[in-house]
Amino acid sequence: MIQQLKQSNRFNITILLFSISVFSFLLSIIRWIVTGSPLFLFLNWNLFLAFIPWCISTVMVINGLNKNISVALLIASWLLFFPNAPYILTDLFHLQYRSTSRTIWFDLIEILSFAWAGLLFGLLSLMDIEYLLLLKFKTKITSFIIITFLFMSGFGIYLGRFLRWNSWDIISNPIGLFNDIAERFMHPIHHPRTWGMTILMGILLNFIYHSIKMMNKIKA
């Protein structure tokens, strides 16, 4: 019975995520048709990247935890793509530079729609990871890992937004990526924006994640 409820809940969540994603996609198409500019079509790619960690965690939940090595590799892959989910929040920067007074209201709704969809993909996948970790570790250890993941995501968002690194660069240009990361850990005082954004974004993501978890526990 419990398993059936979990499967039903996951099905409903999947329908919700699909609906929000389609809505966001349609907004980008409408803007393209009306303005003749494909300016914000890139948001669809960003949303696809946010979809990947949710896919990985879904596979893990469905298949369970059978082998420690494969689980570790899947979690590492998930963590590599996880920052792409909340990253879409920073696409709000484009309103300042690319929107006109005629389209800014529509652009705001469009970006917020993509950002919320991406955030949901990410946070729901994080809930999956937390559930799987609780099968292996104590609650306090799991909570510490989840909090750490969210701060790591803040650092990943910085790497993507300001240094323009992406998840694929760990394969295509690992040395360059490693050098940029190492520089910021070896000389943190020289990079206040790095750690300022990492810490503040990490705190914000923790607030959002734990707020959603708390609201989920409230009985109607």
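The values are calculated or read from the model by the stated rules, or taken from the named source; none is laboratory data. Please read these numbers as outputs of a predicted model, since none were measured by experiment. Cβ atoms come from the backbone with ideal geometry, glycine included; neighbour counts cover every protein chain shown.
Structural remarks
- Only one of the listed residues (120, 49, 74) is more than 30 Å from residue 34 (Cα to Cα) and not hydroxyl-bearing (Ser, Thr, Tyr). That residue is 74.
- Failed criterion for residue 100 (all others in (1) touching a residue at least 12 places away in the same chain (Cβ under 8 Å); (2) closer than 22 Å to residue 35 by Cα; (3) of a type in the set (S, T, N, Q) hold): (1)
- Comparison of 180, 169 shows that the only residue that is among the charged types (D, E, K, R), farther than 23 Å from residue 58 by Cβ and more than 19 Å from the chain's Cα centre (by Cα) is 180.
- Condition met for residue 160 (surrounded by fewer than 20 Cβ atoms within 10 Å (Cβ to Cβ), part of a helix (DSSP H, G or I) and of a type outside the set (Val, Ile, Thr)): yes
- Candidates 166, 179, 206, filtered to the one that is part of a loop (DSSP other than H, G, I, E, B) and surrounded by 10 or more Cβ atoms within 10 Å (Cβ to Cβ): 166
- Any pair with Cβ under 6 angstrom, 6 or more apart, that starts in the range 178-199 at a residue that is in contact (Cβ under 8 Å) with a residue 12 or more places away in the chain and ends at one that is surrounded by 16 or more Cβ atoms within 10 Å (Cβ to Cβ): 194/158; 194/184; 197/158; 198/154; 198/155; 198/158
- Condition check for residue 38: surrounded by fewer than 13 Cβ atoms within 10 Å (Cβ to Cβ) and not charged (D, E, K, R): yes
- Filter pass, residue 127 being surrounded by 11 or more Cβ atoms within 10 Å (Cβ to Cβ) and either closer than 18 Å to residue 76 by Cα or without any contact (Cβ under 8 Å) to a residue 12 or more places away in the chain (or both): yes
- In a residue-by-residue description of the range 117-124, the property of being modelled with pLDDT of 95 or more and either exposed (fewer than 13 other Cβ atoms within 10 Å of the Cβ) or among the hydroxyl-bearing types (Ser, Thr, Tyr) (or both) applies to no position.
- Sole exception among (1) aromatic (Phe, Trp, Tyr); (2) surrounded by 21 or more Cβ atoms within 10 Å (Cβ to Cβ); (3) over 23 Å from residue 159 (Cα atoms) for residue 54, by number: (3)
- Close pairs (6 angstrom Cβ cut-off, 6 or more residues apart or separate chains): closer than 19 Å to residue 46 by Cα in the range 141-168, among the charged types (D, E, K, R) anywhere: 163/180
- The residue that is surrounded by the fewest Cβ atoms within 10 Å (Cβ to Cβ), among those in the range 132-147 that are out of contact with any helix residue (DSSP H, G or I) (no Cβ under 9 Å at 6 or more places or on another chain) and assigned to a helix (DSSP H, G or I), is 140.
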